[in-house]
Amino acid sequence: MDTNIKILAIALVAISIAVAPSLLVNKSVYAAYYCADEMGKSNAWIEGCKQGWYDHDHCKSYNPGTGEVAKGYKVGWNKGECKSTPHYCTEYSGKSQSWIQGCKQGWWDHDHCWGYSPGSGDYAKGYSVGWSKGHCK
């Protein structure tokens, strides 16, 4: 019986090693395939789609451009997902440190299902923006 368990354990390890790389595929690869697989779309649309996905995944601001690029960008943006509060909150130019800290804290509080507690002033304004980006699960 012990031999069967050992063989099973070895088999599970071997399968895990074989499958692990496919589980670690970068989202940008998905974006490349997803965007390129859209039938009848122009190269500009495909590039816009990839860029929108990348921008959202990297918490960059929404910047679609024009024409076909903008149409693809919107689709890609909707597939992406920003999950990095420091990058998102610090990308707002001209915001005070208090605002940035409020943004980060609001996002963290919402992600961790804490109550809405914005404080006051600039901090509260940033907190509100961060809160809107967080998701209680």
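Tell me which aspartates and glutamates have Cα within less than 19 Å of Lys125's Cα, excluding those fewer than 8 residues away on the same chain?
List returned: Glu91, Asp109, Asp111.
How many nm is it between the label spots at Asp122 and His135, if each spot is 7 Å from the Cα in line with the beta carbon?
3.1 nm
Just so you know, all these numbers are worked out from the coordinates, no wet-lab data involved. Keep in mind that what you see is a predicted model, and the values were worked out from it rather than measured. All Cβ positions, even for glycine, are placed from backbone atoms using ideal geometry, and neighbour counts span all protein chains on display.
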